[in-house]
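Just below is one structure, and these are the notes that go with it.
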């Protein structure tokens, strides 16, 4: 392998560990129940169980908090409030200083933590919390974006991207359209709720086991709350029982509270939120209100567009600025917008602070433009697919995004053509039209929607990763990196990369828990970047060790560097070979260092937020889906009849794992857009805070026919790890086709009319309301 | 609170435990017997992560009181493989088919599947979907799980188990 290939992350041609459908490294342990999650760690002697008391109003001021009965409750060991914190009372991830660990006086949302209790058992802690007497002066609350905009209540200043002269372009267009779309939020509903266990160590140090996507941030926030340096805190994460963005920032508060009580009592402390508390007190996907005005020609080509995105961010900034930025970055989805203005309003409300969720604003941005395209098609009486194709990014003159990045890797024209053919889109669309003519109650709809999703953190400095690789004397290998495992298969993918580079089998690699003492200053495992970045960092570490081994081998055996090959568990020196462990032992005896750190920083990317220009993404991930649905126009009930997906994962590191991401992402997206409804009452309390009322897709909701394929020609143009592409988030947005198809089914009731204004989630209730406002039947 | 001493058979072993009357079967398994393969998901009987077999029938152990299990037989994920070293055909199929992502729903999902195949060795796809209708999976989109159960059914038929 030449050094250029190494830099590009390309394969050594002889080894075949990558690009294989290896099973998840923990699959057997998951299936036997042997896999250890935080709540399964054997509880240490003297463990305290922690619960917190929450506010019961959306906005108010604490007049008095009487916790005497809580403290006196038998079994209670410690009670803390904001006044008891040794360090800083803040967990804001971007240092906006607007999110307290425990409320110091002003309550900002229903469910905010006010005080915390540690007791000998969980039951005692929960009972004790109920005994608090809290006197609150209620204040007027802002509960929706309309009121927030009226009061100019922001978590971050409004932001604008603009290119060309959209107002003039819209005015001069032959056709115009305007409208509004409301999108609901989404609860992550990771099956394993938020959980942390903190163990005090000597000298005031703290060890924390947490279910977190971001151990480094958790380490920093625990240290900050304890008033200590980061080096006093160690965080370990072996695995999460699902996360989806919900454990990027949202795990921190609970880890900090457990650590505070462990520090105060000198005893280990564990907190595990029950499901209702988890849903009430942790952030979710941002609801959006999207308004649009667009001008287009007779082919449906957009000439000018003005998009207005208002996001309900909740009580604090959290990650809302980059999330709403990403919504702007995806307001074009796959389409060239010649003259464009995108405005974003980041509304501060008295609701739980919304946060990262798979797609990170991208899904909301895309929903806006896909609605626009469907609207244009309805107005012109065209097949929406024709309008989509007419607007796709093309060659010179039609390849610049609203943020001035050139789209160089667009595969959608080809991919969508392949999908339209394999799914028989055109034929089925005609069949559906015929079916709808003769079926009075049941109506069907079909839609093909594309996804173009930008890969890289848009905050450029986050695009760095580290790894640590040791080779032990017996040739076995210890692998550690900054990425966390939440079920997505990151650990096995990186292990495949390492095994491949050393030319050994996967059984030689020990996958180890993410640990702040092994790899420091890591970014969250987020933005779909896990395998791109950690795979490259691990490869960098392996290549350092290999370089030393090659130097040693050439010196000892007098062979040329290019004759040394690592493959099939052997190290070849021309015609001769020895086993990998034999070489390692020889190298050890000759005092060769067999351990290395690895590092990676994503190349090429930059972004100037002031001018909204740059190249925020290294590349784009692409895909498309065709969904056929059926609705009952008397009840609003709906089901997905068939889905066809074609998705570009570049050269897949692990096709089975990638397929799992595509299928799971699609179904999760379909849940967001159909069944999952967050319902707040007029006092700002969430009323759908358990799976009894918040409906996650079940086995019966999965499409009857579900054809998922990885796009065969896929290869990343950019030098990513083995030319693969990120796959965590993009497939979620394939589910936009579900919502679009439902709207097509509703539209069939009033042919030739404007597109129905179906909001999301498209619950039976909303579908019925939409049918009624469409005037039929 | 008073405790009751109960006897029950867990994965083939007779156990005698002192339990509070409000202790759930899930707490008994996880906290007292350290059988942590059974997971706490929602605590309200809606997600199925805590599914175990009580006298051979699947129950949500978070909604079952420990005292209800007195003199009865419990099978958990730790107890379905007949030998300590090999996987049960359903476990094997879940691993091979990639029916597992984060793994948190997996033990409960497998318990529901094991019960299905014991009572209906040759289920249709629709029967499979119905049998796991009380088990939420947030990661996989269910397709691979359904495939795994179909595969396990075929494997069991083939091996005459």
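In square nanometres, what is one fourth of the surface area of the convex hull spanned by the alpha carbons of region B:4-79?
Taking a quarter of the hull surface, the average projection is 4.2 nm².
At what distance in nm do the modelled label points of residue A:426 and residue A:151 sit from each other, each positioned 7 Å from its Cα along Cα→Cβ?
5.5
What does the structure give for A:31-44 when I average, per residue, the other chain Cβ atoms found within 10 Å of the residue Cβ?
6
Give me the Debye-computed log₁₀ of I(q)/I(0) at q = 0.16 Å⁻¹ for region A:1-157, equal point scatterers on Cα only, no solvent, two decimals.
Each listed q maps to, in turn, -0.98.
Cut-off is 10 Å between beta-carbons; in what order do A:387, A:77 appear when sorted fewest neighbours first?
Arranged by neighbour count, lowest to highest, A:387, A:77 become A:77, A:387.
For region B:89-159, compute the orientation-averaged projected area of the C-alpha convex hull (one quarter of its surface), in nm².
Result: a mean projected hull area of 4.0 nm².
Run the numbers on region B:4-79 and let me know its relative contact order in percent, using alpha-carbon pairs under 8 Å that are six or more apart.
Computed value for region B:4-79: 39 percent relative contact order.
So in region B:4-79, what percent of DSSP beta bridges are antiparallel if you round to the nearest 5?
Once the DSSP bridges in region B:4-79 are tallied, antiparallel ones form about 90 percent.
Calculated from DSSP H runs of 4 or more alone, at -39500 (n - 2.57) each and per residue, what is the 222 nm mean residue ellipticity of chain B, nearest 500?
After summing the helix terms and dividing by residue count, I get -9000 deg cm²/dmol.
Need one value for A:485-496: mean number of C-beta atoms belonging to other chains within 10 Å of its residues' C-beta atoms.
2
Report the full-extension gain for the segment residue A:205 to residue A:704: residue separation times 0.36 nm, less the Cα-Cα distance, to one decimal in nm.
174.3 nm
Got a sec? Which residues in region B:140-156 would a label at residue B:122 touch, if it sits 7 Å along Cα→Cβ and we count backbone N under 17 Å?
The answer is B:150-156.
Roughly how many nanometres apart are two label points built 7 Å out from the Cα toward the Cβ at residue A:174 and residue A:298?
Between residue A:174 and residue A:298, the label points sit 0.4 nm apart.
Taking neighbour counts of Cβ atoms within 10 Å as a proxy for exposure, in what order, fewest first, do A:55, A:529, A:68 appear?
The most exposed by this proxy come first: A:68, A:55, A:529.
Can you put A:301, A:272 in order of Cβ neighbours within 10 angstrom, beginning with the fewest?
Sorted ascending by nearby Cβ count, the order is A:301, A:272.
Using 20 Å bins from zero, what percent of all Cα-Cα pairs in chain A falls into each bin?
Binned Cα distances yield the sequence 16, 47, 31, 6, 0.
Contact order normalised by length for region A:386-514, with contacts defined as Cα pairs under 8 Å and 6 or more residues apart; what percent is it?
So the answer I get is 14 percent.
Averaged over its residues, how many other protein chain Cβ atoms are within 10 Å of peptide B:126-139's Cβ atoms?
Shielding by partners across B:126-139 averages 5.
Give me the log10 of I(q) over I(0) for region A:117-190 at q = 0.14, 0.15, 0.28 Å⁻¹, as the Debye formula computes it from C-alpha points; what are the numbers?
So the normalised log intensities are -0.92, -0.98, -1.24.
Any idea what Rg and Dmax come out to for region A:363-494 if you just take the C-alpha atoms, in Å?
Just the Cα atoms of region A:363-494 yield Rg and Dmax of 22.5, 75 Å.
So for region B:89-159, averaging the separation of alpha carbon pairs under 8 Å that are six or more residues apart and normalising by length, what relative contact order in percent results?
51 percent.
What percent antiparallel are the DSSP beta bridges of the protein assembly as shown, to the nearest 5?
80
Grab the DSSP H runs of chain A that are 4 residues or longer, score each as -39,500 (n - 2.57), total them, divide by all residues and round the 222 nm result to the nearest 500 deg cm²/dmol.
Counting only the DSSP helices, I get -9000 deg cm²/dmol.
Laboratory data are not the source of any read-out in this text; all were calculated from the coordinates shown. From a predicted model like this one, the values you see are computed outputs, not experimental measurements. Here Cβ is always computed from backbone atoms with ideal geometry, including for glycine, and neighbour counts include all displayed protein chains.
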